[in-house]
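Novice: Quick one: structure below, then a few questions.
The values are calculated or read from the model by the stated rules, or taken from the named source; none is laboratory data. As the structure is a computational prediction, the values presented were derived from the model and not from experiment. Note: ideal-geometry Cβ built from the backbone for every residue, glycine included; neighbour counts use all protein chains shown. For the accessible areas, the whole protein counts, side chains as well, though only heavy atoms, and no ligand, DNA or RNA atoms are used. Shrake-Rupley method; radii C 1.70, N 1.55, O 1.52, S 1.80 Å.
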Amino acid sequence: MTETAPSTQPPSHWRRYRTLYLLLAVCVAPVIASYTAYYLMPPSGRTNYGALIEPQRPLPELALRRLDGTALPATSLRGSWLMVQVDAGACDAACEKKLWQMRQVRLTTGKDADRVQRVWLIVDDAPLATSVIREFDCTLLLRARPDEAAAFLPLPAEPAAKLADHIWLIDPLGNLMLR
């Protein structure tokens, strides 16, 4: 009987680099899948949590007063981001919810929280509840005339839209930019 000697041929190119090709395929597959999904199957809808105000409106000289009656020039509010809500002095549950949301959004900015200021424009002369003042103590409470606030803050085209339904964002340069 004759025995055959084991083959001493070197492995083919494919067999030698099989692991490398497999690793390359595993790494490239997610990139190809993401491009395919993005370009061939675009998302059907978007979720926006606000509406940009275009064109931006500069902060006018509103007749603002602190709770003690002293005047506060609107230009003094420049230099930080302002989250503004407009509501009556008798703060209902919706008003308190907006104040709470503004506080939570400011807290999520972390170390930059001092760059964001919360402003409540009170459009009547009703007294404020002490509990609301204490609970939202870092909110700047200012009284403004309702006609001035309505002229500055644009509402959506809906017939039932009210200023009290929105939170407004003003940039550090004093431009109203988001509802």
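Novice: Filter region 160-178 down to residues that are in a loop (DSSP other than H, G, I, E, B) and over 22 Å from residue 75 (Cβ atoms) and give me whichever is least open to solvent (accessible area, probe 1.4 Å).
Specialist: So the residue we want is 161.
Yes/no matrix, rows are residues, columns are (1) of a type outside the set (D, E, K, R); (2) in contact (Cβ under 8 Å) with a residue 40 or more places away in the chain:
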position: 108; (1), (2): yes, no
position: 125; (1), (2): no, no
position: 129; (1), (2): yes, no
position: 148; (1), (2): no, yes
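Novice: Residue pairs, Cβ under 6 Å, 6 or more apart or interchain, first in region 155-179 and more than 25 Å from residue 90 (Cβ to Cβ), second among the charged types (D, E, K, R) and surrounded by fewer than 17 Cβ atoms within 10 Å (Cβ to Cβ). List them.
Specialist: 174/78; 176/57; 177/171
Novice: Pull out all pairs, ordered by first then second residue, where Cβ-Cβ is under 7 Å, the residues are six or more apart or on different chains, the first lies in region 29-54 and is under 22 Å from residue 152 (Cβ atoms), and the second is open to solvent by 60 Å² or more (accessible area, probe 1.4 Å) and part of a strand (DSSP E or B).
Specialist: Final answer for the pair search is none.
Novice: Something else: Hey, can you tell me all the residues within region 1-15 that are at pLDDT below 75 and open to solvent by 100 Å² or more (accessible area, probe 1.4 Å)?
Specialist: Listed by number, the residues that qualify are 1, 2, 3, 4, 6, 8, 9, 10.
Novice: Restricted to region 16-46, and to residues that are assigned to a loop (DSSP other than H, G, I, E, B) and open to solvent by less than 100 Å² (accessible area, probe 1.4 Å), which residue is modelled with the highest pLDDT?
Specialist: Applying the filter and picking the extreme gives 17.
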